[in-house]
Each structure stands twice: as structure tokens, then as C-alpha cells.
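Trainee: The structure under discussion is supplied below as C-alpha cells; questions concerning it will follow.
The values are calculated or read from the model by the stated rules, or taken from the named source; none is laboratory data. Here the structure is a predicted model, which is why all the values come from computation and not from measurement. Here the Cβ positions follow ideal geometry from the backbone for every residue, glycine too, while neighbour counts run over all protein chains shown.
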């Protein structure tokens, strides 16, 4: 079993020195747009946490996998299939494989993304290597002890 307490997950980070070797190189908080943090990867799915600041955008894009997006905190605007919606904490949205969509942070938001299966057929181009099927050391949250913080009632477990 692997577990994460998503409300207290550390923000994403960069290597302190860009060319420093190794996934476990000393890191510092990212400046500007946050990077996705892969929490879990297997052939069945990939679980990703993403922080989107107020006014930050993920421009029009698509993925080859089915995407399930949950808004954990904050609010985002989502455009997909000619429809625009505002989603607040608790909202869950699904995208079909290949469905184009864009997101914009209305407030600082934390999102949880599930991509399945991972990677979908055609995800890697002929020049890309297959993605490793492991938990990246620099992208995981530390395991929690058995009791969550008292203020955290919405704990998610994997």
C-alpha cells in the first residue's frame, strides 16, 4: 500500500543545480508555474498531483489516455468539447482519450489527475523510450504514519 495526504503534499521542486545528476539531487521549490508530481505509475494507471495558481493556464492539449481530474482545493475553469465550466473543490471531470481541453486557475488550486491505461497505445513516439514503470524518487510524498493530521478530514489513500 502507498499513501499520500494530498492537502499537505509538498509543492513541486527543481534540482538545485540543473545539471546535477540523479533523481535524488538536492532540490529547491519551483518558481512560477508548478510542475506535475507523479505520485504513482503502473501499466494500469498514472496518478499525478498538480498545483495550478490563480491565473495560471494549461493551454489547449490532449492526452492519449482516459483522464479523470479531481479538484482537491481551489477553483479552475475548464474548456472542453465546446463547453466551458467552473469547477470547485470536490468536482470530478473525465476526458475521453484524445479529447482536447484547457484549464485555467481561478484560485490557487490543487488537482489530482488519473491517466489510464498508462501509457496508452501511441503515447510514446518512435524516438521516445518507454516510460519507466516505477515511483520516481523525486516526485513522491513521504509515506504517512497511520494517523493523519487532525485537521485533515479528506484524506485520500492509494
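Trainee: Those residues that are surrounded by 16 or more Cβ atoms within 10 Å (Cβ to Cβ) and on the phi > 0 side of the Ramachandran plot, I need them from the stretch 63-92; list them, please.
Mentor: 74
Residue-wise test of (1) more than 24 Å from residue 4 (Cα to Cα); (2) without any contact (Cβ under 8 Å) to a residue 24 or more places away in the chain.
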{"residue": "49", "(1), (2)": "no, no"}
{"residue": "55", "(1), (2)": "yes, no"}
{"residue": "63", "(1), (2)": "yes, no"}
{"residue": "68", "(1), (2)": "no, no"}
{"residue": "89", "(1), (2)": "no, yes"}
{"residue": "97", "(1), (2)": "yes, no"}
{"residue": "101", "(1), (2)": "yes, no"}
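Trainee: Within the stretch 39-49, can you find the residues that are surrounded by fewer than 19 Cβ atoms within 10 Å (Cβ to Cβ) and more than 20 Å from residue 98 (Cα to Cα)?
Mentor: 42
Trainee: Cβ-Cβ below 7 Å, separation at least six or inter-chain, first residue in the stretch 75-86 and under 16 Å from residue 113 (Cβ atoms), second at pLDDT 95 or above and loosely packed, with under 12 Cβ neighbours inside 10 Å: which pairs?
Mentor: Listed by first residue and then by second, the contacts come to 78/85.
Trainee: Another one. For the stretch 51-62, what are the residues that are crowded, with 19+ Cβ neighbours inside 10 Å and farther than 13 Å from residue 78 by Cα?
Mentor: Going residue by residue through the stretch 51-62, those that are crowded, with 19+ Cβ neighbours inside 10 Å are 51-52.
Result: 51, single match.
Trainee: Answer with yes or no whether residue 19 is at negative phi, modelled with pLDDT of 85 or more and not in a strand (DSSP E or B).
Mentor: Numbers: at negative phi: yes; modelled with pLDDT of 85 or more: no; not in a strand (DSSP E or B): yes.
Answer is no for this residue.
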